[in-house]
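So the structure is just underneath, and the comments pick up after that.
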Amino acid sequence: MISPDHSRLQELETHLRTRIRGQNHVLPRIVSLLKRGQLGLTKANRPRGSFLFLGPTGVGKTETTIAFTEFLFGEGKLFRFDMSEYQTQESLGVLLGAKLGERGTLAMVYDRSQLGTLLFDEIEKAHPRILDVFLQILDAARVTMANGQTLDLSRFYIVFTTNIGGADLLNLQHSTFATMERHVLARAQQAMRPELFARITEKLVFNRLGYDYQLEIAQLLLNNELKFLREKGHALQASKSVLPFVVQRGFHPKLGARPMRDTIEKLVGDALAQRLLDAKDGGRWLKVDESGNCLMID
Ligand SMILES: Nc1ncnc2c1ncn2[C@@H]1O[C@H](COP(=O)(O)OP(=O)(O)O)[C@@H](O)[C@H]1O
Ligand SMILES: [Mg+2]
């Protein structure tokens, strides 16, 4: 018999494809591991699954993690650790508690939820003692805190991200993706501890986003913004010129699509504010202003 949970799991890939653009080569492998994890087919006494996401900045590594975590567990089940805050020896104490009776950040997460996803961003920055903890987590899904409490992390997915080799992707513009992928994985394997690299189940290289995908992402984010405004009573429609304009303003060669959401919010918000202040009514077409510097509503 197919349970509701199982039929929902069948929709996971479609769901991810609607939210994540230009990364279709990694989605099936992510979905495959998540399905096995959800169905209890991955090893007992290990996390449900572990991933290393590689590639440039702003191409959907975090967004993918958010999307699958929300889909599987609902809101509030993604716990993020920025490894740039865990670069010193003392950071081990932050993670696990420094002295008897003290609670580390990992225990505080566990108080809130015993399942979900732990996201460790930019692991190349983590102190070696922190990497030892990752090895324990991947090996046994267990960590012992300074206060003696042992956490069972076997109902969590673990996602690591790294920028190692990611910048090289931007320089290898003219190579095929397979060549770039090999290069990035080799770089990461060299730079990371080999035993850590070996223990991570899926190592996936996210691609740069070509112009067509940049447009698609702009469209997704613009739709969200227009929906938000419609709910506030401002029905707007975007004319064709808007998308290329917001891509030009919101996509950055080094930061990828990271600035896009804020850019759209600002450009559309400014246009609407201007119309409201002008107290002109009627217009509902969002378009690029003749000056070419901003959006306007006509
Ligand atoms: N492939 C993508 N598909 C859809 N949205 C994306 C994609 N890449 C980036 N974005 C947008 O850009 C923002 C930043 O991307 P993020 O996933 O945080 O980048 P990173 O790869 O550095 O983790 C996301 O919140 C999302 O709005
Ligand atoms: Mg990220």
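The values are calculated or read from the model by the stated rules, or taken from the named source; none is laboratory data. Computed from a prediction, not measured in an experiment: that's the story for all the values here. As a convention, Cβ positions derive from the backbone with ideal geometry for all residues, glycine included, and neighbour counts pool all protein chains shown.
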Complete set of residues in the stretch 84-114 that are out of contact with any strand residue (DSSP E or B) (no Cβ under 6 Å at 6 or more places or on another chain) and of a type in the set (A, V, I, L, M): LEU92, VAL94, LEU95, LEU96, ALA98, LEU100, LEU106, ALA107, MET108
Cβ pairs under 9 Å, 6+ apart, first in the stretch 108-126 and in the same structural domain as LEU196 (by TED's automatic domain parsing) and free of Cβ contacts under 8 Å to residues at least 12 places away in the same chain, second within 16 Å of ligand 1 (Cβ to nearest atom) and among the small types (Gly, Ala, Ser): none
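What strands (runs of 3 or more DSSP E) completely inside the stretch 119-236 contain at least 3 residues that are surrounded by 16 or more Cβ atoms within 10 Å (Cβ to Cβ)?
Details: elements: 142-144, 150-152, 156-162, 202-205.
Of the strands (runs of 3 or more DSSP E) lying wholly inside the stretch 119-236, those with at least 3 residues that are surrounded by 16 or more Cβ atoms within 10 Å (Cβ to Cβ) span 156-162, 202-205.
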Top-ranked residue of the stretch 80-108 - restricted to ones that are within 16 Å of ligand 2 (Cβ to nearest atom) and not in a loop (DSSP other than H, G, I, E, B), ranked as nearest to PRO194 (Cα to Cα): MET83
Positions within the stretch 176-226 being in contact with a helix residue (DSSP H, G or I) (Cβ under 8 Å, 6 or more places away or on another chain) and hydroxyl-bearing (Ser, Thr, Tyr), in sequence order: THR201, TYR211
Within the stretch 257-274, tally of residues that are over 14 Å from PHE228 (Cα atoms), surrounded by 15 or more Cβ atoms within 10 Å (Cβ to Cβ) and at pLDDT 95 or above: 7
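Filter the stretch 88-107 down to residues that are farther than 16 Å from VAL159 by Cα and under 22 Å from the mean Cα position of the chain (by Cα), then give me how many there are.
Going residue by residue through the stretch 88-107, those that are farther than 16 Å from VAL159 by Cα are 88-105, 107.
Those left that are additionally under 22 Å from the mean Cα position of the chain (by Cα): 95, 105.
Here the count works out to 2.
Among the residues of the stretch 64-79, write down those that are in a helix (DSSP H, G or I), away from ligand 2 (no atom under 16 Å from the Cβ) and in contact with a helix residue (DSSP H, G or I) (Cβ under 8 Å, 6 or more places away or on another chain). Let's see the steps before the verdict.
Narrowing the stretch 64-79 to residues in a helix (DSSP H, G or I): 64-73.
From the residues that got through so far, the ones that are away from ligand 2 (no atom under 16 Å from the Cβ) too are 71-73.
Hits for the stretch 64-79 are PHE71, LEU72.
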Selection within the stretch 48-69 - more than 7 Å from ligand 1 (Cβ to nearest atom) and either among the charged types (D, E, K, R) or not assigned by TED's automatic domain parsing to the domain that holds GLN190 (or both): ARG48
The one condition in (1) modelled with pLDDT of 95 or more; (2) among the basic types (Lys, Arg); (3) within 16 Å of ligand 2 (Cβ to nearest atom) that ARG208 fails to fulfil: (1)
Number of the exception - ASP111 against (1) assigned to a helix (DSSP H, G or I); (2) surrounded by 13 or more Cβ atoms within 10 Å (Cβ to Cβ): (2)
Qualifying residue in the stretch 72-86 (condition: farther than 20 Å from SER154 by Cα and more than 16 Å from ligand 1 (Cβ to nearest atom)): yes
Near pairs, Cβ below 9 angstrom, 6+ apart or cross-chain, from the stretch 213-227 (closer than 14 Å to ARG258 by Cα and touching a residue at least 24 places away in the same chain (Cβ under 8 Å)) to any residue that is within 11 Å of ligand 1 (Cβ to nearest atom) and aromatic (Phe, Trp, Tyr): GLN214/PHE251; ILE217/PHE251; ALA218/PHE251
Checking VAL246 against (1) out of contact with any Gly (no Cβ under 8 Å at 6 or more places or on another chain); (2) farther than 18 Å from ASN293 by Cα, the condition it does not meet: (2)
Subset tally (residues that are within 16 Å of ligand 2 (Cβ to nearest atom), buried (at least 23 other Cβ atoms within 10 Å of the Cβ) and in a helix (DSSP H, G or I)) for the stretch 17-63: 2
Residue among LEU169, LEU135 that is of a type outside the set (D, E, K, R) and within 16 Å of ligand 1 (Cβ to nearest atom): LEU169
